[in-house]
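Notes follow once the structure below has been shown.
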Amino acid sequence: MHLENDLYSIDKKLLLKAGTVITRSTLQNIAGLSEEIRYAPIKNTQLFEDMLNTFKDKRYSDILYPHEINLKIISYIRRIKMPEKIVFELAYMKKLTPYTYNHILTIAVLAAKIAIDHAQKNKYYPDMALRLSLFHDLGKSRIPLHILNKRSPITTDERHILKTHPLIGYVLLHHYFGKDCKTVAFASFQHHERLDGSGYPLGIKRLNKYSHLIGIVDTLDALISARPYRKTPFSLRAAIDLLLDESEKGRFHKGLIHTLIRYARKAKPGTKIVIAKRGRDKEPSGNSYGKTAPSHPRKTSRK
C-alpha cells in the first residue's frame, strides 16, 4: 500500500513521501518520529461544546433518548483526553470541512449510545467506542476539497483518492499516538471494511468490533445527511432499510442494525424485532451516493 501524495502532520512534519510503500517497519518509524505525547482533556475546549450540540440534532431525536442515557454519554465525553495534536487536527477539520467535523462528532455519540446497549452482550465499552470514533475520519482532511464537495458522481480516479483516507488516518494516528496506537489506528483503517470482505482498503472479513460499529453509524449518518451530491437526504426509515439490506448480504452485524430499528420504534432494549414491511420510504431522487462516473468519458459529437 502507498499514498498518492506527500503526507504531513498537523505541525508540517513530513511523515511519508508520495509512493512510499507502507510496511510495519514504515509505521514503526513514523511512530518513532513522535515527540513526547501530551494528552489534553477536552472538557474545557470548543470540541467539548460542539459535542454537546450533537444532542440537539433533530435527525436523531428517535435515537438519542432517554435523557438519562444522554447524560451518561456526556459524562464519558467529559473524561476524554487525547493527544494535543489531534485536538489541533479536529480544529483544522472544522475550518476545512465543517460537514466532516460534525459528522465525526455525531458518529462518536451514536457509537457510544449503541455500545451502552451492547455493553454486556457484545462486550462493548461505551467510552472506548466514543473515543475511537473521534479519530475514524482523520484522513479526510488530506483529501482534496473538490472531491469531498463534488456535486456530481465522482470518477474512478477520484474514488481511488477518496479511498485512501482510512490509510492516511492510520498513518497519522501512528504518529500522534506512537506505540499506543494499535487499537486507535484500527478505528480509522477498518471503518470501511465489511464482514463479507467487500469493503476497503484491504477487503478483509475479520474486523475489529469497534471499527465495525463505527462503520455502521458512519454509513447511517452519511445517508441521512444533506450532501453536495444529493439534494434530499434519506429519511431515517429508508436509511435503516438500506442498512438492513446490507446486513442480510452479510456486510453488517444484524444485531447492531436491529438496535437501530428498536431506537426508531422506541422499543425497549431486548425487544425482539419483527420486520413486517420494507421499502415504505424510498431513497431520494437524484441520489449519487456510491455511484461512479467514468474518469475519461468518451466525447460525443453534437448534431
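The values are calculated or read from the model by the stated rules, or taken from the named source; none is laboratory data. Since this is a predicted model, take the numbers as computed values, not measurements. Note that we place each Cβ from the backbone using ideal geometry, even for glycine, and neighbour counts take in every protein chain shown.
Points worth noting:
- Residue 15 under 25 Å from the mean Cα position of the chain (by Cα) and over 20 Å from residue 99 (Cα atoms): yes
- Index of the failed condition, residue 20 passing every other in (1) hydroxyl-bearing (Ser, Thr, Tyr); (2) over 15 Å from residue 113 (Cβ atoms); (3) in a helix (DSSP H, G or I): (3)
- Within the range 82-100, tally of residues that are without any contact (Cβ under 8 Å) to a residue 12 or more places away in the chain and either among the hydroxyl-bearing types (Ser, Thr, Tyr) or under 19 Å from residue 253 (Cα atoms) (or both): 0
- A single member of 118, 103 is on the phi < 0 side of the Ramachandran plot, modelled with pLDDT under 95 and either in contact with a Ser or Thr (Cβ under 6 Å, 6 or more places away or on another chain) or not basic (Lys, Arg) (or both), and it is 118.
- Taken together, 123, 179 contain a single residue that is exposed (fewer than 15 other Cβ atoms within 10 Å of the Cβ) and part of a loop (DSSP other than H, G, I, E, B), which is 123.
- Test: residue in the range 155-165 that is farther than 24 Å from residue 228 by Cβ, assigned to a helix (DSSP H, G or I), touching a Ser or Thr at 6+ places or on another chain (Cβ under 6 Å) and of a type outside the set (Ser, Thr, Tyr): no
- Looking across 222, 185, one residue alone is more than 10 Å from the chain's Cα centre (by Cα) and either surrounded by fewer than 22 Cβ atoms within 10 Å (Cβ to Cβ) or in a helix (DSSP H, G or I) (or both). It is 185.
- Any hit, the range 278-287, residues being touching a Lys or Arg at 6+ places or on another chain (Cβ under 9 Å), part of a helix (DSSP H, G or I) and modelled with pLDDT under 90: no
- There is at least one residue in the range 34-49 that is of a type in the set (Asp, Glu), farther than 14 Å from residue 142 by Cα and in a helix (DSSP H, G or I).
- Filter result (acidic (Asp, Glu) and without any contact (Cβ under 8 Å) to a residue 40 or more places away in the chain) within the range 189-245: 193, 245
- Residue match in the range 176-194 (condition: modelled with pLDDT under 95, farther than 16 Å from residue 219 by Cβ and basic (Lys, Arg)): yes
- Flag if residue 86 is surrounded by 17 or more Cβ atoms within 10 Å (Cβ to Cβ) and not in a loop (DSSP other than H, G, I, E, B): yes
- Residue within the range 140-156 that is over 23 Å from residue 7 (Cβ atoms) and touching a Leu at 6+ places or on another chain (Cβ under 7 Å) present: no
- Among (1) part of a loop (DSSP other than H, G, I, E, B); (2) touching a residue at least 24 places away in the same chain (Cβ under 8 Å) - the single one residue 52 does not satisfy: (1)
- Among the residues making up the range 132-168, a single one is surrounded by 21 or more Cβ atoms within 10 Å (Cβ to Cβ), of a type in the set (A, V, I, L, M, F, W, C) and farther than 20 Å from residue 199 by Cβ: 134.
- Here residue 25 meets each of (1) over 25 Å from the mean Cα position of the chain (by Cα); (2) part of a loop (DSSP other than H, G, I, E, B) with one exception, condition (2).
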